[in-house]
Amino acid sequence: MLKSQIQAKNRQTDEFEDEEKLVCPECGSEDVVIDAIRGERICNQCAIVLKGRIIDEGPEWRAFNTEERDRRSRVGSPTTFSVHDKGLSTIIGYENRDSFGNKLTASRRAQVYRLRKWQIRTRVHSSTDRNLAFAMSELERLSSQLGIPRNVKETAAIVYRRAVEKKLVRGRSIEAMVAATIYASARVRRVPRTLDEISSESHISKKELGRCYRLLLRELYLNIPLASPIDYLVRFGTELKLSGMCQRKAAEILAKAKESGLTAGKDPTGLAAAAIYIAGILNGERRTQREIAEVAHVTEVTVRNRYKELVKKLNIAITI
């Protein structure tokens, strides 16, 4: 069975290569063009038809702008876990026209209206679907507010669905569980967000957010990598409008600190803030401790303490 499959695959590959390397039998030219209107392969030198009746895999309709293309397209967006039905459901349109573009009669329009209403009702019919519909809309809102990329949002949706399957959401706030999944997914994808950021945007206390996060770790056996202060550098540096040279210098400082064992047991955001403060002084792009503390969501005391430790242990010469 395996041998026959390999032979079939090789045969398909050979056919594909033959089509790509088509040579005109009359003049020997390899300059072959495709006439999409007639569905033919034609030699560009002697105009002989080499192959006809080529299948057109495109749509049978034409569109001259984006609006027409979206209106005539009969396919939807790709599947995604961040929609409660994964984007696979069918939607009855609101155009009130048939397949030929003609307007529907009054009786047919009333019938379609009833079908549309019941289709919307049955789309979210179970408690799980209702829970997911509300949670995914909250996930979309939080993702937009926090500015997290699509891969983090998809990971958060998968984690939340696993939590629903294990019935971890029952009796708990949906907003808190969604915020906890975003925090966990951001750490998994190494696009970390601090608890303060997520707490301020979700209006969930840090205590409740931490409790839900620990629940996810315990019940779903999530493999969360240790947070690295280097992961915060780009975002903090961009918000502080620092150059790439300055951010690279901060990364070098943190790499040396990690080799010396100074990062163990320390808050990564505080270390990143201190490294940015030192790099800013060394590169002539100094930012105040208050500005850095506000961006990193830490106190000025934390920035100052981490700064003193790094300067002392790494023997960095600072001229103030």
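Just so you know, all these numbers are worked out from the coordinates, no wet-lab data involved. Because the structure is a prediction, the values reported are computed rather than measured. Don't worry about glycine lacking a Cβ; one is built from the backbone with ideal geometry, like all the others, and counts go over all protein chains shown.
Could you list which residues have their amide H under 5 Å from that of THR80, counting only those 5 or more apart in sequence or on another chain, with H placed in the peptide plane?
Distant-sequence amide H within range of THR80: GLY87.
Of the GluC sites (Glu not before Pro) in the stretch 44-103, which ones lie in a loop per DSSP and count no more than 12 other C-beta atoms within 10 Å? Walk me through the numbers on the way to the answer.
Numbers: sites: GLU57, GLU60, GLU67, GLU68, GLU95; in loops: GLU57, GLU60, GLU95.
Loop-located and lightly packed - GLU57, GLU60, GLU95.
Amide H neighbours of GLU40 under 5 Å, at least 5 residues apart or on other chains, H built in the peptide plane: list them.
When sequence neighbours closer than 5 places are left aside, the close amide H contacts are ASP35, ILE54.
How would you order 282-291, 219-228 from highest to lowest mean count of nearby Cβ atoms within 10 Å?
282-291, 219-228
Hey, what's the Cα Rg ratio for the stretch 130-220 versus the globular rule of thumb, 2.2 N^0.38 Å?
Output field value: 0.93.
Karplus couplings for the stretch 244-259 from phi (6.51 cos²θ - 1.76 cosθ + 1.60, θ = phi - 60°), rounded to Hz, Gly and Pro as x?
So the J values, rounded to whole Hz, are x, 4, 5, 5, 5, 5, 4, 5, 5, 4, 5, 5, 5, 5, 5, 5.
Based on the Cβ-Cβ distance from ASP196 to LYS266, what FRET efficiency comes out when R0 is 22 Å, to the nearest 0.05?
0.85
Please give the contour-minus-distance gain from LEU220 to ALA63: 0.36 nm per residue of separation, less the Cα-Cα distance, rounded to one decimal in nm.
51.7 nm
Among TYR113, TYR160, which comes first, then next, by fewest other beta-carbon atoms within 10 Å?
So the ranking, lowest neighbour count to highest, is TYR113, TYR160.
Straight-line reach only, C-alpha to C-alpha below 29 angstrom: list the lysines that LYS117 could link to, leaving out same-chain residues fewer than 8 apart.
Within the straight-line cut-off, LYS117 pairs with LYS86, LYS103.
Ordered by residue, what ³J(HN,Hα) values in Hz, to whole numbers, does the stretch 52-63 give under the Karplus form 6.51 cos²θ - 1.76 cosθ + 1.60, where θ = phi - 60° and Gly and Pro are x?
x, 6, 6, 6, 8, 8, x, x, 8, 10, 10, 9
Going Cα to Cα from LYS241, which aspartates and glutamates come in below 12 Å? Please leave out same-chain ones fewer than 8 positions away.
Straight-line reach from LYS241, under 12 Å: GLU285, GLU291.
Apply 1/(1 + (r/R0)^6) to the Cβ-Cβ distance of LEU22 and THR79, taking R0 = 30 Å, and write down the FRET efficiency to the nearest 0.05.
Numbers: r = 37 Å, r/R0 = 1.23.
So, using R0 = 30 Å, E works out to roughly 0.20.
Which entry in [x] 5, 17, 17, 16, 16, 16, 11, 3, 0; [y] 5, 17, 14, 8, 7, 8, 10, 11, 9, 5, 3, 2, 1, 0, 0; [z] 6, 28, 34, 21, 7, 3, 1, 0 matches P(r) over Cα pairs in 10 Å bins from 0, in percent derived from the coordinates of this structure?
Among [x] 5, 17, 17, 16, 16, 16, 11, 3, 0; [y] 5, 17, 14, 8, 7, 8, 10, 11, 9, 5, 3, 2, 1, 0, 0; [z] 6, 28, 34, 21, 7, 3, 1, 0, the one calculated here is [x].
From the backbone phi of the stretch 185-198, what are the Karplus-calculated ³J(HN,Hα) couplings (6.51 cos²θ - 1.76 cosθ + 1.60, θ = phi - 60°) in whole Hz, Gly and Pro given as x?
Along the stretch 185-198, the couplings run 5, 5, 6, 5, 8, 6, 10, x, 10, 6, 4, 5, 4, 5 Hz.
Which lysines have a Cα lying under 29 Å from the Cα of LYS51, excluding residues fewer than 8 positions away in the same chain?
Output for LYS51: LYS9, LYS21.
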